[in-house]
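The values are calculated or read from the model by the stated rules, or taken from the named source; none is laboratory data. Keep in mind the model is a prediction, meaning the values are calculated, not measured. Here the Cβ positions follow ideal geometry from the backbone for every residue, glycine too, while neighbour counts run over all protein chains shown. Ligands, DNA and RNA are excluded from the accessible area calculation, which covers all protein heavy atoms including side chains. Shrake-Rupley method; radii C 1.70, N 1.55, O 1.52, S 1.80 Å.
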Amino acid sequence: MEFRFEIEGGNFSKAGTASSEVKKILKQLNVDPKIIKRTVVSLYEAEVNVVAHAYEGEMNVEIIPDKVSVTIQDKGPGIPDIDQAMQEGYSTATPKVREMGFGAGMGLPNIKKNSDQLNISSKVNVGTIVEIVNYLK
Amino acid sequence: MEKIHFYHALKVVEEVCIGCTHCMNVCPTSAIRVKNGIANINKNACVDCGECLKACPVNAIFVEQDDFTKIFNYKQRVALLPTVLLGQFPDEIKEEQIYAVIKELGFTHVYEVDETADILTDVTKNYMHKNYQNRPFISSFCPAIVRLIQVKFPALVDHIIHLKPVIDISALFYRKKLMDEGFQREEIGIFYVTPCAAKIAAVKSPVGTEEMLIDGVINMDFIYNKVLLSIKQNKEKAKEVPLKRHLSRRMIGWTLTNGEASQYSGRCLAIDEIHNVIEVLEKLENEVISDVDFLELRACDHSCAGGVLATENRFLAIERLRKRAAYHHKNRPEILKEREIEKYRSYLLDNISIKNIEPRSIVSLDTDMMVAMGKMKKINRIMRVLPGIDCGACGAPRCQALAEDIVQGKAKMTQCVFLQKMLVKEELISPQESFDISEKTWGKERFEKKNIKGK
Ligand SMILES: Nc1ncnc2c1ncn2[C@@H]1O[C@H](COP(=O)(O)OP(=O)(O)O)[C@@H](O)[C@H]1O
Ligand SMILES: [Mg+2]
């Protein structure tokens, strides 16, 4: 089963809508609450990263019996050094974004922690693709 | 999953119900459907919040209470009063008069339920300290909220503080006290005067415990009427019952919004009204709200003052309760046996925990994930043909709900009036068949009464 959600860059008031929709679907599918939690936390962080750092993006969700695999793809500045971005506390967020409670540099590490597979690819000035896979059993 | 039966205090009087869908549309757990022109409440989904009762234009929904004469099955008859009760009466009516009338009705003891709030507060502080990893903590105060979390937010059940609510602690306390005074357990009947339906459901089918701590429930509006009637008829003049004890200002505030949240340190939020609570629980589930220590969540607007069985306007009731609290605080009324409860502290502490609060999701489409997935695909397909305007004419609150009902075998596609029109036009069903379907949803009478061609 496949679902697609748009993500609007810069619109923090809508940040989290896509991951919230995925949560509803997983609840209906009777997925273990602990797995739902992990999945939603990682999707939320990836979604917020599009809102905070990119211009626009989309979340594509595929649910097949044993796993949920999600691709969050954006048009944006891209990440020049992914290893560095993955470090806890590393952030290029502006003070303004930090004032809003985002930009603690914990997003990517949190995704790593809450997903079974994580793959990030990025091209500077083009965009970023984050792929997250969580097993449902 | 659907085996256990839950007691619900909200009942529909079929003879009175006109199947108008008001209740169906406001139910926060989508527990109501209209069939044969009558509202039907799904027992697995209902959390006894009382929104349906408030929305009903013809008073077809009521709160079932125990037969009052049941109190006389006991030698010792304890009335456990909710703090909001005293806020229901005009200022001229004194507490002593109210107590007197309640005794006149047949009770041997009258106590206020929030008497044990201080003990619960202490234990809760300890509990939160010990179970730090379960932060944020959700109060177990409001039974409608506990049930709401069980059915709609099953992932959050472990955040509910596994301690008995004050009503149960007070019931334990007073029963033990009377037993220590020499009465047998069976001689003591404890009756709670309830401002809401959820408390009744909690008394009749308690969550996380098998003990029945309270023997019966009396609706607050019943007591209200009795007291007013008696005072208006001037019966009580002579024998006012002197009060031995007043609740402290803090205990009076306990049932009102922020009564609990104000007791604890850290980040504490107080949220009332069930839709507000749902909004916050959604966020909590997504972990969008982090770093909160304690959540006081109550189903009624302005907490228990807004209970469905409250008769007085909630703002007025709250103002009176605050006045009462301030008055006692200032005038330091004579408080006898002030620390009597202290003697019972260790007994209460031994009995204060509750066991598992079971999640019982109404959200999942099937326990088998594969089957659930198949159902979800069907629902999505059905949603493409339904009009999506949530008119409710099919007897379900939203198109999505109808689609789910169809997939669960509880409804038919043809219940949708839009589809009916299309099917008639395509000559796939006859106008008579379409009419028959509508009769099934709305009941025969609904159509009989109308005479559209005029006299
Ligand atoms: N989708 C993205 N597009 C561009 N840069 C990103 C994206 N996601 C993450 N980054 C970069 O990686 C850094 C670390 O991300 P993260 O760990 O989520 O921390 P934060 O978002 O709090 O800054 C960000 O500050 C940003 O520079
Ligand atoms: Mg981030």
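Placing R0 at 25 angstrom, the Cβ-Cβ distance between B:N380 and B:V417 gives a FRET efficiency of 0.70 after rounding to 0.05.
Taken residue by residue and averaged, Cβ atoms of other chains lying within 10 Å of the Cβ of B:282-290 number 5. Binning the C-alpha pair distances of region B:106-265 at 10 Å intervals from 0 yields a P(r) profile of 9, 32, 36, 17, 5, 1 %, listed from the shortest bin outward. In the structure shown, the pairs B:K70/B:K176; A:K27/A:K96; B:K355/B:K378; B:K54/B:K177 are assessed against 30 Å; a Cα-Cα span above that value is assigned to A:K27/A:K96; B:K355/B:K378; B:K54/B:K177.
Each label was represented as a point 7 Å from its Cα along the Cα-to-Cβ direction; for B:F68 and A:A104 these points are 5.7 nm apart. Here is the list for region B:301-407: trypsin sites (Lys or Arg not before Pro) lying in DSSP coil, each with at most 15 other C-beta atoms within 10 angstrom of its C-beta, are B:K337, B:R339, B:K355.
The ratio of the alpha-carbon radius of gyration of the protein assembly as shown to the globular-protein estimate 2.2 N^0.38 Å is 1.12. Computing Rg and the Kirkwood Rh from the Cα coordinates of region B:30-189 gives a ratio, Rg/Rh, of 1.03. The fraction of accessible area contributed by carbon and sulfur in the protein assembly as shown is 51 percent, rounded to a whole number (1.4 Å probe; ligands and nucleic acids excluded). Using only the Cα atoms of region B:367-418, each taken as one equal point scatterer with no solvent, compute I(q) by the Debye sum, divide by I(0), and report log10 of the ratio at q = 0.19, 0.21 Å⁻¹. The Cα Debye sum returns log10 ratios of -0.56, -0.67. Magnitude of the charge dipole for region B:350-413, about its Cα centre and with charges confined to Cβ atoms of Lys, Arg (+1) and Asp, Glu (-1), is about 380 debye. At q = 0.10, 0.19 Å⁻¹, what is the base-10 log of I(q)/I(0) for region B:363-455 according to the Debye formula with one equal point scatterer per Cα and no solvent? Please give it to two decimals. With one equal scatterer per Cα and no solvent, log10 I(q)/I(0) is -0.32, -0.93. With contributions of -39500 (n - 2.57) from each DSSP H run of at least four residues, the per-residue ellipticity at 222 nm computed over chain B stands at -11500 deg cm²/dmol. Peptide packing: for B:186-198, B:11-23, the average count of neighbouring Cβ atoms within 10 Å per residue gives the ranking B:186-198, B:11-23, highest mean first.
Counting only other chain Cβ atoms within 10 Å of each residue's Cβ, the peptide B:369-377 averages 4. The alpha carbon centroids of region A:1-59 and region B:81-160 are separated by 38 Å. Helix-only arithmetic for chain A: the sum of -39500 (n - 2.57) across DSSP H runs with n ≥ 4, divided by the residue total, places the mean residue ellipticity at 222 nm at -10500 deg cm²/dmol.
Of the residues B:M376, B:I252, B:N234, the one whose Cα sits farthest toward the positive end of the charge dipole of chain B, with +1 on the Cβ of Lys and Arg and -1 on the Cβ of Asp and Glu, is B:N234. Simple point charges give the picture: +1 on the Cβ of Lys and Arg, -1 on the Cβ of Asp and Glu, and for region B:10-63 a dipole about the Cα centre of about 120 debye. Ranking B:H302, B:L269, B:V292 by Cα position along the charge dipole of region B:218-311, where only Lys, Arg, Asp and Glu carry charges on their C-beta atoms, puts B:H302 farthest toward the positive end.
For region B:41-100, GluC sites (Glu not before Pro) are listed when DSSP marks them as loop and at most 10 other Cβ atoms sit within 10 Å of their Cβ; the list is B:E92. In straight-distance terms, cross-link reach from B:K444 covers every one of the lysines whose alpha-carbon lies under 23 Å from its own, apart from those fewer than eight places away in the same chain; here that gives B:K11, B:K35, B:K410, B:K412, B:K421, B:K453, B:K455. Under 15 Å of direct C-alpha separation, and excluding same-chain neighbours fewer than eight residues apart, B:K323 reaches these aspartates and glutamates: B:D91, B:E92, B:E95.
How much of the DSSP beta bridge set in the protein assembly as shown is antiparallel, as a percent to the nearest 5? Of all bridge pairs located within the protein assembly as shown, approximately 65 percent are antiparallel. Once backbone amide H atoms are built at 1.01 Å from N, B:E112 has B:L81 as its partners under 5 Å, excluding neighbours fewer than 5 places away on the same chain.
Starting from the Cα of B:K410, move 7 Å in the Cα-to-Cβ direction to define the label point; list residues of region B:46-77 whose amide nitrogen is under 16 Å from there. Within reach of a label on B:K410, which here means backbone N under 16 Å from a point 7 Å along Cα→Cβ, region B:46-77 contributes B:46-48.
The C-alpha atoms of chain A define a longest principal axis, and helix A:17-28 lies at about 20 degrees to it.
Calculated translational diffusion coefficient of region A:2-137 (4 °C, 1.567 mPa s; Stokes-Einstein with Kirkwood radius over alpha-carbon pairs) equals 88 µm²/s. Given R0 = 41 Å, the distance between the Cβ atoms of B:E319 and A:K123 translates into a calculated FRET efficiency of 0.05.
Residue ranges B:108-118, B:426-436 sort as B:108-118, B:426-436 when ordered by packing (mean number of other C-beta atoms within 10 Å per residue, highest first).
When the inverse distances between all different Cα atoms of region B:10-63 are averaged and flipped, the Kirkwood radius reads 10.6 angstrom. Among the residues of B:155-168, the average count of other protein chain beta-carbon atoms within 10 Å of the residue beta-carbon is 1.
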